[in-house]
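See below for the structure under consideration.
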Amino acid sequence: MAVLVTGATGFIAQWVVDYLLKENYQVIGTVRSQEKGDKLHKQFGSPSNLSFEIVKDISETEAFEPLFEKRGKEIDIVLHTASPFHFNTKDYEKDLLIPALNGTRGVLNAIKKYGDVKKVVVTSSYASIVDVSKFADGSCVFTEKDWNPATWEGCQTDPMSAYCASKKFAEEAAWEFAKETGVSMTTVNPVFVFGPQKFDEDVKAQLNTSNEILNGLIHSKPGDKIEPDYHAAFVDVRDVAKAHLVAFQKETNGERLGLSNGGFGSQTILDILNEKFPQLEFAKGPEPGKGDTKPAAKFDNSHSNKVLGFPLISLEQSVYDTVAQVLKKEGRL
């Protein structure tokens, strides 16, 4: 059975590939260049059941067609993880909205035209569920049935709103496609994703967007004011990757699998850092030892937890594994 993983060099995708290889699937990954594919193949130990195809720009609607024309008959499962996730832009339409939407439409149209795919799993996000205006409202509870109410025009006010909306529009397009074609579809909707890089050598000065929250706190010093002060929810990358496999191994057609293992605040993370790495000096935060005293809106994903059926990695473990990897790379541990 062959599984296509789009955006195979991504933070989540590398862990997905790792789990797939451990279960002996044939894995085809898309990468933006031959160099990226060669590097990743070598990192995984050059296995014979891992191959790569180049898709240079997923925002082009026909970007996936050559791949499916060539290998569409081999591919049974598509795990579409490729999508832009950064806040470093002012052209929200060009850099966030259009690539997310076109990337999803492009891979789905290629499936329809050339493939004989049994299952599609789309990496979406809690961003397509939450109402951004109520993110800090501790009395709000969202579930997998909720949708971000953002509109295309209304979301282009700041990078966070535009990113959240990009996930909504891409996911809506995926569900429309599933309805039209009858293909079995599941989405994976994680909150902020913490956790270590699959390979130590990939730890960079700037990490993926979610882990940058931890990275900022790792480089804080006693007396520093904590800005921005986060109050949100987290899940570990290894659990997100595992959920992608469960999504096609179990009967999950039509499910939005919401992934969260509870809330965190900047103070909670600083408390973990100061407890786990007492030999180093980090900021203490305004209320040391008290954890998160300003919880954000809650995400009740109890339905998804039942469907997934495996225990999730704790905040303490996730933060420790992520931070220890960074500190080792920096020679501080």
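The values are calculated or read from the model by the stated rules, or taken from the named source; none is laboratory data. Given the structure is predicted, the values throughout are model-derived calculations rather than measurements. Heads up, the Cβs are rebuilt from the backbone with ideal geometry, glycines too, and the neighbour counts pull from every protein chain shown.
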query = What are the residues in the stretch 155-203 that are out of contact with any helix residue (DSSP H, G or I) (no Cβ under 9 Å at 6 or more places or on another chain) and of a type in the set (K, R), if any?
reply = K179
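Of K290, K294, which residue is part of a loop (DSSP other than H, G, I, E, B), of a type in the set (D, E, K, R) and over 30 Å from N148 (Cβ atoms)?
Residue meeting the stated conditions: K290.
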ask   = For the stretch 21-41, does any single residue satisfy the condition of being among the hydroxyl-bearing types (S, T, Y), in contact with a helix residue (DSSP H, G or I) (Cβ under 8 Å, 6 or more places away or on another chain) and surrounded by fewer than 21 Cβ atoms within 10 Å (Cβ to Cβ)?
value = no
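Of the residues E251, E255, E201, E227, which single one is acidic (D, E), at pLDDT below 95 and surrounded by fewer than 22 Cβ atoms within 10 Å (Cβ to Cβ)?
On the way: E251 fails: at pLDDT below 95; E255 fails: at pLDDT below 95; E201 fails: at pLDDT below 95.
None of the other options fit; the residue is E227.
Results for (1) within 18 Å of F194 (Cα to Cα); (2) of a type in the set (K, R), shown as yes or no for each residue.
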| residue | (1), (2) |
| --- | --- |
| L257 | yes, no |
| I272 | yes, no |
| K284 | no, yes |
| F299 | yes, no |
| S304 | no, no |
| G309 | no, no |
| L312 | yes, no |
| L327 | yes, no |
| L333 | no, no |
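Does S83 satisfy the criteria of being polar (S, T, N, Q), assigned to a loop (DSSP other than H, G, I, E, B) and within 24 Å of L257 (Cβ to Cβ)?
On the way: polar (S, T, N, Q): yes; assigned to a loop (DSSP other than H, G, I, E, B): yes; within 24 Å of L257 (Cβ to Cβ): yes.
Answer is yes for this residue.
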request  = Report, ordered by the first and then the second residue, all pairs with beta carbons closer than 9 Å, sequence separation of six or more or different chains, a first member in the stretch 1-28 that is farther than 24 Å from A110 by Cα, and a second member that is in a strand (DSSP E or B).
outcome  = F11/V193; L21/V27; L21/L50
task = Would you point out which residue out of K198, K221 is under 16 Å from the mean Cα position of the chain (by Cα) and not polar (S, T, N, Q)?
result = K198
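What number of residues within the stretch 207-233 are in contact with a Ser or Thr (Cβ under 7 Å, 6 or more places away or on another chain) and either over 20 Å from F299 (Cβ atoms) or assigned to a strand (DSSP E or B) (or both)?
3
Only one of these is among the β-branched types (V, I, T), at pLDDT below 95, more than 25 Å from V120 (Cβ to Cβ) and part of a loop (DSSP other than H, G, I, E, B): T151, T157. Name it. First the steps, then the outcome.
Working: T151 fails: at pLDDT below 95.
The unique qualifying residue is T157.
Considering the stretch 288-323 alone, what residues qualify as being free of Cβ contacts under 8 Å to residues at least 60 places away in the same chain and either in contact with a Phe, Trp or Tyr (Cβ under 8 Å, 6 or more places away or on another chain) or over 16 Å from P190 (Cα atoms) (or both)? Before you say what the answer is, go through the steps one by one.
First, the residues of the stretch 288-323 that are free of Cβ contacts under 8 Å to residues at least 60 places away in the same chain: 288-291, 293, 302, 305-306, 311, 314, 316, 320.
Selection gives P288, G289, K290, G291, T293, E316, Y320.
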note = Going through (1) of a type in the set (A, V, I, L, M, F, W, C); (2) touching a Cys at 6+ places or on another chain (Cβ under 8 Å); (3) modelled with pLDDT under 95 one by one, V130 fails only at (3)
message = Take the residues in the stretch 297-333 that are in a loop (DSSP other than H, G, I, E, B) and polar (S, T, N, Q); name whichever of them is farthest from D229 (Cα to Cα).
response = N301
note = Of the residues in the stretch 278-306, those that are hydrophobic (A, V, I, L, M, F, W, C) and under 27 Å from the mean Cα position of the chain (by Cα) come to A296, A297, F299
task = Could you list, in sequence order, all residues of the stretch 120-144 that are under 19 Å from the mean Cα position of the chain (by Cα) and either within 20 Å of H244 (Cα to Cα) or among the basic types (K, R) (or both)?
result = V120, V121, V122, T123, S124, S125, Y126, A127, S128, I129, T143, E144
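For every residue, the table says whether it meets (1) over 25 Å from K94 (Cα atoms); (2) out of contact with any strand residue (DSSP E or B) (no Cβ under 9 Å at 6 or more places or on another chain); (3) of a type in the set (D, E); (4) in a helix (DSSP H, G or I).
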| position | (1), (2), (3), (4) |
| --- | --- |
| L20 | yes, no, no, yes |
| E35 | yes, yes, yes, yes |
| H41 | yes, no, no, yes |
| S59 | no, yes, no, no |
| E62 | no, yes, yes, no |
Filter pass, L308 being of a type outside the set (S, T, Y) and more than 15 Å from L217 (Cα to Cα) = yes
query = When the stretch 266-287 is examined, which residues are found to be outside any helix (DSSP H, G or I) and touching a residue at least 12 places away in the same chain (Cβ under 8 Å)?
reply = F277, L280, E281, F282, A283, K284, G285, P286, E287
